[in-house]
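Please read the structure below before turning to the comments.
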Amino acid sequence: MKIHTRAVHAGDRKKPAPAIPVTTPVYAASSYFYETAEELDRIFAREQEGYCYSRYGNPTNAALEELVSSLENGRGALACASGMAALHMALLAALTDRPKSVLAATSLYGATFNLLLQVLEPLGVNCQFVDVCDASATAEAVRRCRPACLLVETISNPLLRVAPLDRLAELARGAGAALVVDNTFATPLLVRPLELGAQLVVHSLTKYLAGHGDVLGGIVVSDEAHYEALRALGRTSGAVLGPFESYLTMRGVKTLPLRMERQCANARHLAAWLRRHPRIERVHFPDDPNHPDAETVGRLLPEGLFGAIVSFELRGAGRSEILALMDRLKLIVPATSLGDVHTMVLYPVMSSHREISPKQRERMGIRDNLLRISVGIEAVEDIQADLEQALAGT
Ligand SMILES: *Cc1c(COP(=O)(O)O)cnc(C)c1O
């Protein structure tokens, strides 16, 4: 054969068998074939399990999907290009065969608001909002709106309210609605919403699951009833994760329980220290016995694990004092995102809640002196020392 042909085919498609790789490789192939065309036909017809085209399924993605589905105790999962793509798919799966209406929590990730109000509502989806930590208001809103889907976050950002997922699942069941839970902040180590009666669980893989600040991805874990609709949406809309990101995420998830235990312990230590610090007016962290959701925390969160995000208000500070404090940090990274191995701070007024009017922010309790820390796996003394020297200048 000529060099042009050998350049394309020689050495390719070599099977490693009978050797078994100890970890799932990156399957970068976009399509697959079989010994016989007959077999490929059966796979296209979905009469036989297998791969034909990577938008339909990819072995690296399938490994990650099985992994996260196992952690969340689901029927199966769909790995998506980002957390937002995953939320989009989860909402569409929830609304398949149901009236087009969503009742969502008032405290949601900023882009999730935009997904509801700028993408879904213009397509005819009715979107209403309620404080899901207010039991009577939520029950009343469900009666009034008759939603097809209830959308909540397990732990809210940045004030760390904890949603009563078990009660919300009961309400949703009574109304025939699907409960969709964004479990990004809690991770399956703290809460597994499907076990509490949710139908679909979403993660931004970008955060704790990948955990190293090098992946953008999302995943939806489904119960039995919504699984086929979810997979069909993945095949058709194509917002699926790339195999390299799947590989990196799997590598990350292997240490998720270890990282999360350490990060939760570090966060708890820092919250206790910040509460005693004279420059701190208020600390938001779910281990507080006076936390507004203390009862839910006691019922749903495991002993000693309260998440790894701490928010605090700096006494008498405004925008310029907070920005100066961020500039004084030497170890803690002042970057958007959370859940990474390194500690990060974020100023909600500048980033995540920038688009919200100051008046509305005030009503939400997000003040100009509020800073959010995503606590990493470093030695907690070093994180504390960095905060201490930065606070000393205030
Ligand atoms: C980051 C985040 C998202 C969006 O995820 P991306 O991967 O950035 O698309 C959604 N929900 C929560 C709670 C998040 O923290």
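The values are calculated or read from the model by the stated rules, or taken from the named source; none is laboratory data. Here the structure is a predicted model, which is why all the values come from computation and not from measurement. Positions of Cβ are generated from backbone atoms using ideal geometry, with glycine treated the same way; all protein chains shown enter the neighbour counts. Ligands, DNA and RNA are excluded from the accessible area calculation, which covers all protein heavy atoms including side chains. Shrake-Rupley method; radii C 1.70, N 1.55, O 1.52, S 1.80 Å.
A few remarks follow.
- Using alpha carbons only: equivalent-ellipsoid semi-axes of segment 214-274, gyration tensor based, whole Å: 33, 15, 10
- Length-normalised contact order of segment 3-253 in % [C-alpha pairs under 8 Å, at least 6 apart]: 25
- Around Arg231: net Lys/Arg minus Asp/Glu count, Cβ-Cβ under 14 Å: -2
- Looking at segment 3-253, the accessible area is 46 square angstrom per residue; that uses a 1.4 Å probe and ignores ligands, DNA and RNA.
- Segment 93-132 - percent relative contact order, Cα under 8 Å, separation 6 or more: 57
- Normalised by residue count, segment 97-254 yields a Cα convex hull volume of 119 Å³ per residue.
- Amide proton proximity set for Cys127, modelled H, under 5 Å, gap of 5+: Val102
- Cα gyration tensor, segment 116-177 - rounded (a/c under 1.5), prolate or oblate: oblate
- Backbone geometry of segment 275-280 corresponds, through the Karplus equation with coefficients 6.51, -1.76 and 1.60 at θ = phi - 60°, to 3J(HN,Hα) couplings of 4, 8, 6, x, 7, 9 Hz, x marking Gly and Pro.
- Available extension along the chain between Thr36 and Lys359 is 109.7 nm, counting 0.36 nm per residue and deducting the alpha carbon span.
- Between Asp327 and Asn73, the contour length at 0.36 nm per residue exceeds the Cα-Cα span by 87.2 nm.
- Rounded percent of accessible protein surface that carbon and sulfur make up, segment 3-253, 1.4 Å probe: 54
- Computed over the chain, the P(r) tail beyond 33 angstrom holds 35 percent of alpha carbon pairs.
- Counting charges near Ala63 (Lys, Arg +1; Asp, Glu -1) among other residues having Cβ under 15 Å from its Cβ returns a value of -2.
- For the pair segment 70-118 and segment 1-59, the centres of their Cα atoms are 32 angstrom apart.
- Mean ellipticity per residue at 222 nm, deg cm²/dmol - from DSSP H runs of n ≥ 4 across the chain, formula -39500 (n - 2.57): -12000 deg cm²/dmol
- Per-selection Kirkwood Rh - segment 187-307 (Cα, Å, 1 d.p.): 16.7
- Cα point-scatterer Debye curve for segment 256-392, base-10 log of I(q)/I(0) at q = 0.10, 0.13 Å⁻¹: -0.31, -0.54
- Close amide H pairs (under 5 Å, H built 1.01 Å from N) link Tyr51 with no residue at least 5 positions away or on another chain.
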